[in-house]
Amino acid sequence: MYYRLKKRSCLRGEVTESVGIYAVPAVIAFVVVFGAIKKVDLFETFKDGAKEGVTGLLSIAPSLIGLIVAVTMLQASGFFDVVTVVLGPVCGFIGVPPEVLPLGLMRPVSGSGSFALLSSLLDKYGADSYIGRVASVMAGSTETTFYAIAVYYGSVGIKKTRHTIPAALTADMLGMVFSALCCKML
Amino acid sequence: MLSHIWFGMIIISVICGFCTGRAEELSAAAAGGADKAVQVLISMAGVMCLWTGIMKIADKSGLTAVTARLLSPVLSRLMPEYKKDSPAMKAVSANVTANIFGLGNAATPLGIAAMKEMQKTNRLGSAPNNSMVMFVVINTASVQLIPTTIAALRQAAGSLQPYAVVPYVWAASLLALLSGLGIAGVLSLKKEKLSAG
């Protein structure tokens, strides 16, 4: 019985993952075909866009270097092992592996900080492991909440945020739980 | 903000490392981390550039404009203070579309333009109206079609299937977005009733 359940959930995982694998070429093909119909100079446009990718990457490089150094040092110091042991019971309660909790705390605050943490988690546990997948989904399923709030309200001089922060942070927290749940169920 | 976090991480790692007697590992990590960061950046570059290139085609061919038109009825329902074809709603749908297509460089200026348009008719002045809160909550959630940075980081970490997590990301971010909208909706009702009473 257990075996059959397990087998079924494995199969389901394969189906879900193949959706992801087909989605990527499908999106690329759709965009390129749409561009061809609209008579866009495809390769020139692609090159322009790719160039923006390089500049974008260069602009995050300094902060990513600084933060990956800090995260690597934290990892070497044994801090994450302590956090994992201390917070294990709490995380078990909400169904999130404790290893990804630091990432969950960093995600709403700093984009490059969370990418540095994700990169170290993927390195340590393997990108295709359960922890690696939960961490990837968690980092991908929410945005840098405080940055967005500061930029958008700041741009029009709004000081009060009313119910923005409660709504956004609850969504972030639920997003964490959903990430672990989705990786387990789908 | 980031200054404090960075300072905290370094100090904690030094204190923690000294207490556990891992000073040697710590100094190796400082050098190794910098080295690793550059390797990660280089291995990310290919995937990142592929997607900024593809999405540039989506933008130039008008695919983003079509998507924005399709989204605006849905979005204007979430932001009832603004009419469907008002300049504010146009900027809002352009911003959400740019986020969906992962056009990060375009999304923020469009979002700021949307906020400025919305602020023009905001009766609350220094506080956001319910529509503005909705808009910011959408922007604090992730609505990206292909999570390219995540895929690039997974590629850099040697994943066999960097894109295998995409459906999970869709599911988790959609659930998180819907709960964010739901909570914002419920809280806005309560606040309005309070101020009316």
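The values are calculated or read from the model by the stated rules, or taken from the named source; none is laboratory data. The structure presented is a predicted model; accordingly, all values stated were derived computationally and were not measured. Every residue, glycine as well, gets a Cβ built from its backbone with ideal geometry; the counts of neighbours run over all protein chains shown.
Residues that are in contact with a Ser or Thr (Cβ under 8 Å, 6 or more places away or on another chain) and among the small types (Gly, Ala, Ser) within segment A:88-112 comprise A:Ser110, A:Gly111, A:Ser112, listed in sequence order.
I'd like to check something: does segment B:60-75 contain any residue that is closer than 30 Å to A:Ala70 by Cβ and either of a type in the set (Val, Ile, Thr) or crowded, with 18+ Cβ neighbours inside 10 Å (or both)?
As a first pass, look at segment B:60-75 and keep what is closer than 30 Å to A:Ala70 by Cβ: none.
No, that holds for no residue.
The sole residue among B:Ala45, B:Ala58, B:Ala91 that is within 30 Å of A:Lys51 (Cα to Cα), more than 7 Å from every other protein chain (Cβ to nearest Cβ) and at pLDDT 95 or above is B:Ala91. Residues considered: B:Ile15, B:Ile5, B:Ile57. Of these, the only one that is in contact with a Ser or Thr (Cβ under 9 Å, 6 or more places away or on another chain), assigned to a helix (DSSP H, G or I) and farther than 24 Å from A:Ser112 by Cβ is B:Ile57.
Taking the conditions exactly as written (without any contact (Cβ under 8 Å) to a residue 12 or more places away in the chain, part of a helix (DSSP H, G or I) and over 25 Å from A:Phe34 (Cβ atoms)), does B:Arg123 satisfy them or not? Give the derivation first.
Values: without any contact (Cβ under 8 Å) to a residue 12 or more places away in the chain: yes; part of a helix (DSSP H, G or I): no; over 25 Å from A:Phe34 (Cβ atoms): yes.
No, not satisfied.
Of the residues making up segment B:132-187, those that are without any contact (Cβ under 8 Å) to a residue 60 or more places away in the chain, more than 7 Å from chain A (Cβ to nearest Cβ) and in a loop (DSSP other than H, G, I, E, B) are B:Val143, B:Gln144.
For segment A:26-79, residues that are of a type in the set (Gly, Ala, Ser) and crowded, with 19+ Cβ neighbours inside 10 Å total 8.
Selection of segment A:41-55 for residues being assigned to a helix (DSSP H, G or I), over 19 Å from B:Gly104 (Cβ atoms) and more than 7 Å from chain B (Cβ to nearest Cβ) yields A:Phe43, A:Glu44. Of the residues making up segment A:111-163, just one is more than 8 Å from chain B (Cβ to nearest Cβ) and basic (Lys, Arg), namely A:Lys124.
Does B:Asp85 fit the bill of being crowded, with 19+ Cβ neighbours inside 10 Å and either within 20 Å of the chain's Cα centre (by Cα) or under 22 Å from B:Ala107 (Cβ atoms) (or both)? So B:Asp85 fails the test. Only one entry in A:Ile60, A:Ile21 is within 18 Å of the chain's Cα centre (by Cα), under 20 Å from B:Leu103 (Cβ atoms) and within 10 Å of chain B (Cβ to nearest Cβ), namely A:Ile60.
As a summary of the residue check, B:Gly46 satisfies the conditions (1) in a helix (DSSP H, G or I); (2) free of Cβ contacts under 8 Å to residues at least 40 places away in the same chain; (3) not basic (Lys, Arg) except for the one numbered (2).
I'm checking my understanding of the structure. Among residues of segment A:90-126 that are in a helix (DSSP H, G or I) and of a type in the set (D, E, K, R), which one is surrounded by the fewest Cβ atoms within 10 Å (Cβ to Cβ)?
Narrowing segment A:90-126 to residues in a helix (DSSP H, G or I): A:90-94, A:98-106, A:111-125.
Still in the running and of a type in the set (D, E, K, R): A:99, A:123-124.
Values: A:Glu99: 22, A:Asp123: 18, A:Lys124: 15.
Ranking the qualifying residues of segment A:90-126, first place goes to A:Lys124.
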